[in-house]
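Enquirer: Once you've had a glance at the structure underneath, I'll fire off some questions.
The values are calculated or read from the model by the stated rules, or taken from the named source; none is laboratory data. All figures in this text were calculated on a predicted structure; none of them were measured in a lab. Backbone-built Cβ (ideal geometry, glycine too); neighbour counts: all protein chains shown.
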Amino acid sequence: MIQKGMHVVAPIILVVLFVFSLAGCGDDSTGGVTPATMQLTALRIGTSNLLANPEAPQPVDKSIILSFSHTLSESTVSSSITLTDENDQAVELAFSLLDSDKTISITHSEELAINSTYTLSISKDIKGAEGETFQGFQVTFLTENPPMVLSSVTIDGVSPDQNQRIINISRLPVFQLTFSDPLDLEELKDNINLSGGSIPATFNVTNGASDSTFTMTVTENLEGYERYSLFISSALTSISGKKFESYQLPFYTELDSSLKFPEISDEALLTKVQEQTFKYFWDFGHPVSGLARERNTSGETVTSGGSGFGLMGIIVGIERGFITREEGVARLNKIITFLDEESDRFHGAWSHWLNGTSGKVIRFSSDDDGGDLVETSFMVQGLLTVRQYLDSIHPEEADLIARINSLWEGVEWDWYTQDGQDVLYWHWSPNVGWQKNHKISGWNEALMVYVLAAASPTHPIDQEVYTAGWARNGAMVNSSGASYYGYQMDLRSDKGGPLFFAHYSFLGLDPRNLMDQYANYWNQNVNHTLINRAYCMANPKRFVGYSAQSWGLTASDNHEGYNAHSPDNDLGVITPTAAISSIPYTPEESMEAMRHFYYILGDKLWGEYGFYDAFNISEGWTASSYIAIDQGPILVMIENHRTGLLWNLFMSAPEVQSGLDKLGFSYE
């Protein structure tokens, strides 16, 4: 039967291998005018062009499309075309004429048999509408034998979404595997594997409800927080001999919650973390200058800002009994004397990096080989805190106080306004001048720069520099009222940036009652921290290891190098200093994180100088590094949480109070 103008298109699953032959007819002339000869111009099964690719396997359930050079005579079509199987049995066909009756769409009532030979014949009886003749055509093809497929897989009864990272799988998972075809159990056992971790996985494979369904049961706990991969080899074949394309399912196991160290009290843990972290500045301090190395692989390179944090850490070390006061003062004397007599300075400012033996600047970048005012402010923060701690009744300490005053008064804060602009600039180079042209504007980690610049007894800035340069005349305020996870910050309309914004300037600057016209700084830092934690708990990118106990995004090393991680720049990297240094703001949440890092992850995360810098479980990476600017806040902020020691010392400096007053802060 022919249905004119009607398309019949069936879904395609399989393909056809064909070899065609052309059967010609003799001369059909009858005298008079010879009719034109009609040509077959296209032959397709589904989308496969058989004329162009005669050896390609073809599907069993697609329409056969024939196109001719002339309009066809409808009455000659159905009787002229046959499809027979390898037993010469005819297949029932239906025909539709398309494309102004030049194209025939042929459908078969049932799918063709797989891996079978068929012959399509077009006899010379088919005619064109104007009597055009056709010489006849025949093609023989072989249908495809489709591969066996894994129809479904579940892990512990749940079908995993394979378009996203599969996380938190139990350490004794059970896999249900269903294939499209019957399969021998021993054949599957020989071609299935579970890889990952440091110890080979053990498992059993058993038959399920049918010979195409199987259960794979892991028999010994997989390692926690590890990447594993279920793999089925392409060597697998079905009972009927069907091939199988290999299959791989990567997933990450849940946490191994066993304790890696004996439990101690929270107070003892705080002290342990402080003492181990202190060793970075004490045991690993540069032997000549005493300054803090940039990182544990830095050799001669010491850092000005990180050394300022280390100065405050020496006070903690004395007060906690990690060292004696005499030892601490001797180290302070070494550091301060080196800063006073050996170190390069640029209009009073130190460079970001110095050579720990010579004091000469070490280039931080191509146009950063001079003064760094932000790093200088962190150094001065530490120096003033030390000055307030020392006792002038002791001659050696009195001498150190005098040297600190000289260093402090030598910083030309006002010069860094670049010819009197209402903003401070981050860098100046004796070689390229102001080429870097980086204004210090809020909100970020650099509030300390403006407080100290306003407080300077020798080179102060005016309040307008703070108002226009740092606060940007109020533009740093969260004027949109944006909130995240139920928390709203006074400053910044994003999710707050990396958590070191809430740490570096607040090692000495006490935020508990600190306010000005722009912000309540305690609320700012608390909510910044809570947003950071809530983001990690929400874990929108499904990284492994994020939780209420494992959180904290800030600048640190990572699996690719170094980056300033934050909710808006999340690479899957948790940095312990982020949560731990936030302990004054979120004491319970930060303590919970510290316990987690130590007791649960400590077998990989705890080392010679405390917690390694960062980790990314999704990438199977844990840092082997320690960085001074990450170590310092841990040591200092834990102490501020416990006793307020560094806050009280720094805030007791009369110049600091004067500077805060000048800028319009309240702080008592």
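Enquirer: So which residues in segment 510-520 are part of a strand (DSSP E or B) and either of a type outside the set (A, V, I, L, M, F, W, C) or buried (at least 24 other Cβ atoms within 10 Å of the Cβ) (or both)?
Expert: In the first step, residues of segment 510-520 are kept if they are part of a strand (DSSP E or B); the result is 515, 520.
Passing the criteria: only N520.
Enquirer: Read through the list (1) in contact with a Lys or Arg (Cβ under 8 Å, 6 or more places away or on another chain); (2) surrounded by 21 or more Cβ atoms within 10 Å (Cβ to Cβ); (3) not charged (D, E, K, R), then give the number of the only condition that G317 fails.
Expert: (1)
Enquirer: Can I ask one more? Test V423 against the criterion of being touching a strand residue (DSSP E or B) at 6+ places or on another chain (Cβ under 8 Å), in a loop (DSSP other than H, G, I, E, B), at pLDDT 95 or above and within 16 Å of A653 (Cβ to Cβ), and give yes or no. Outline the logic, then answer.
Expert: Details: touching a strand residue (DSSP E or B) at 6+ places or on another chain (Cβ under 8 Å): yes; in a loop (DSSP other than H, G, I, E, B): yes; at pLDDT 95 or above: yes; within 16 Å of A653 (Cβ to Cβ): no.
Against the criterion (touching a strand residue (DSSP E or B) at 6+ places or on another chain (Cβ under 8 Å), in a loop (DSSP other than H, G, I, E, B), at pLDDT 95 or above and within 16 Å of A653 (Cβ to Cβ)), V423 does not qualify.
Enquirer: Still on this structure, I have one more. Please work out which one of (1) in a loop (DSSP other than H, G, I, E, B); (2) of a type in the set (S, T, N, Q); (3) farther than 25 Å from N168 by Cβ is the condition S258 fails and give its number.
Expert: Unmet condition: (3).
Enquirer: Moving to a separate point now. Answer yes or no as to whether N473 is polar (S, T, N, Q), over 23 Å from E655 (Cα atoms) and either buried (at least 24 other Cβ atoms within 10 Å of the Cβ) or free of Cβ contacts under 8 Å to residues at least 60 places away in the same chain (or both).
Expert: Details: polar (S, T, N, Q): yes; over 23 Å from E655 (Cα atoms): yes; either buried (at least 24 other Cβ atoms within 10 Å of the Cβ) or free of Cβ contacts under 8 Å to residues at least 60 places away in the same chain (or both): yes.
Judged against the criteria, N473 is a match.
Enquirer: Which ones in segment 403-426 are out of contact with any Ser or Thr (no Cβ under 9 Å at 6 or more places or on another chain) and either small (G, A, S) or not assigned by TED's automatic domain parsing to the domain that holds V302 (or both)?
Expert: S406, G420
Enquirer: Report whether or not N525 is farther than 20 Å from L269 by Cβ, in the same structural domain as N640 (by TED's automatic domain parsing), out of contact with any strand residue (DSSP E or B) (no Cβ under 8 Å at 6 or more places or on another chain) and not charged (D, E, K, R). Spell out the reasoning first.
Expert: Values: farther than 20 Å from L269 by Cβ: yes; in the same structural domain as N640 (by TED's automatic domain parsing): yes; out of contact with any strand residue (DSSP E or B) (no Cβ under 8 Å at 6 or more places or on another chain): yes; not charged (D, E, K, R): yes.
Taking the combined requirement at face value, the residue satisfies it.
Enquirer: Determine whether segment 355-378 contains at least one residue that is modelled with pLDDT under 95 and among the small types (G, A, S).
Expert: Within segment 355-378, one or more residues are modelled with pLDDT under 95 and among the small types (G, A, S).
Enquirer: Being exposed (fewer than 14 other Cβ atoms within 10 Å of the Cβ) and more than 20 Å from L339 (Cβ to Cβ) is the filter here; which residues of segment 410-434 pass it?
Expert: Step one: of segment 410-434, the residues exposed (fewer than 14 other Cβ atoms within 10 Å of the Cβ) are 419-421, 430-431, 433.
Correct list: D419, G420, Q421, N431, G433.
Enquirer: Go through (1) in contact (Cβ under 8 Å) with a residue 60 or more places away in the chain; (2) part of a helix (DSSP H, G or I); (3) crowded, with 24+ Cβ neighbours inside 10 Å for D340 and report which single condition fails.
Expert: Among (1) in contact (Cβ under 8 Å) with a residue 60 or more places away in the chain; (2) part of a helix (DSSP H, G or I); (3) crowded, with 24+ Cβ neighbours inside 10 Å, D340 violates only (3).
Enquirer: Taking S96 and the conditions (1) hydroxyl-bearing (S, T, Y); (2) in a helix (DSSP H, G or I); (3) surrounded by 15 or more Cβ atoms within 10 Å (Cβ to Cβ), which numbered condition does it fall short on, given that it satisfies the others?
Expert: Every condition holds for S96 apart from (2).
Enquirer: Further, regarding this structure: Hey, could you check segment 193-244 for residues that are without any contact (Cβ under 8 Å) to a residue 40 or more places away in the chain and of a type in the set (A, V, I, L, M, F, W, C) and say which is farthest from P173 (Cα to Cα)?
Expert: A209
Enquirer: Here's another thing I want to ask about it. Which residue is nearest to F501 (Cα to Cα), if the candidates are limited to segment 521-552 and must be in contact with a Lys or Arg (Cβ under 9 Å, 6 or more places away or on another chain) and in a loop (DSSP other than H, G, I, E, B)?
Expert: G552
Enquirer: Among what's in segment 435-449 and is of a type in the set (S, T, N, Q) and in contact (Cβ under 8 Å) with a residue 40 or more places away in the chain, pick the residue that is surrounded by the most Cβ atoms within 10 Å (Cβ to Cβ).
Expert: Filtering segment 435-449 down to residues of a type in the set (S, T, N, Q) leaves 435, 437, 441, 444.
Then drop every residue that is not in contact (Cβ under 8 Å) with a residue 40 or more places away in the chain, which leaves 435, 444.
Values: Q435: 13, N444: 19.
Looking at residues that are of a type in the set (S, T, N, Q) and in contact (Cβ under 8 Å) with a residue 40 or more places away in the chain, I get N444.
Enquirer: In this structure, is S289 touching an Asp or Glu at 6+ places or on another chain (Cβ under 8 Å), part of a loop (DSSP other than H, G, I, E, B), at pLDDT 95 or above and in the same structural domain as V544 (by TED's automatic domain parsing)? Even if it seems obvious, please write down each step before you answer.
Expert: Numbers: touching an Asp or Glu at 6+ places or on another chain (Cβ under 8 Å): yes; part of a loop (DSSP other than H, G, I, E, B): yes; at pLDDT 95 or above: yes; in the same structural domain as V544 (by TED's automatic domain parsing): yes.
Taking the combined requirement at face value, the residue satisfies it.
Enquirer: A further question on this structure: For D391, are the conditions met, namely being at negative phi and either assigned to a loop (DSSP other than H, G, I, E, B) or basic (K, R) (or both)? So that I can check it myself, show each step before the final result.
Expert: Numbers: at negative phi: yes; either assigned to a loop (DSSP other than H, G, I, E, B) or basic (K, R) (or both): yes.
Criteria met by D391.
Enquirer: For segment 99-110, how many residues meet the condition of being assigned to a loop (DSSP other than H, G, I, E, B) and touching a strand residue (DSSP E or B) at 6+ places or on another chain (Cβ under 9 Å)?
Expert: Kept after step one, since they are assigned to a loop (DSSP other than H, G, I, E, B), are these residues of segment 99-110: 99-102, 109-110.
Subsequent filtering for residues that are touching a strand residue (DSSP E or B) at 6+ places or on another chain (Cβ under 9 Å) retains 99, 101-102, 109.
Count: 4.
Enquirer: Sort through L407, L384, L332 and tell me the only one that's surrounded by fewer than 23 Cβ atoms within 10 Å (Cβ to Cβ) and either part of a helix (DSSP H, G or I) or within 39 Å of the chain's Cα centre (by Cα) (or both).
Expert: Working: L384 fails: surrounded by fewer than 23 Cβ atoms within 10 Å (Cβ to Cβ); L332 fails: surrounded by fewer than 23 Cβ atoms within 10 Å (Cβ to Cβ).
Matching residue, one of L407, L384, L332: L407.
Enquirer: Can you tell me how many residues in segment 52-78 are more than 50 Å from the chain's Cα centre (by Cα) and more than 13 Å from I106 (Cα to Cα)?
Expert: Total meeting the criteria: 9.
Enquirer: Looking for something touching a strand residue (DSSP E or B) at 6+ places or on another chain (Cβ under 7 Å), surrounded by 16 or more Cβ atoms within 10 Å (Cβ to Cβ) and not acidic (D, E) - is there at least one such residue anywhere in segment 450-468? Spell out the reasoning first.
Expert: Step one: of segment 450-468, the residues touching a strand residue (DSSP E or B) at 6+ places or on another chain (Cβ under 7 Å) are none.
Among the residues of segment 450-468, not one is touching a strand residue (DSSP E or B) at 6+ places or on another chain (Cβ under 7 Å), surrounded by 16 or more Cβ atoms within 10 Å (Cβ to Cβ) and not acidic (D, E), which makes the answer no.
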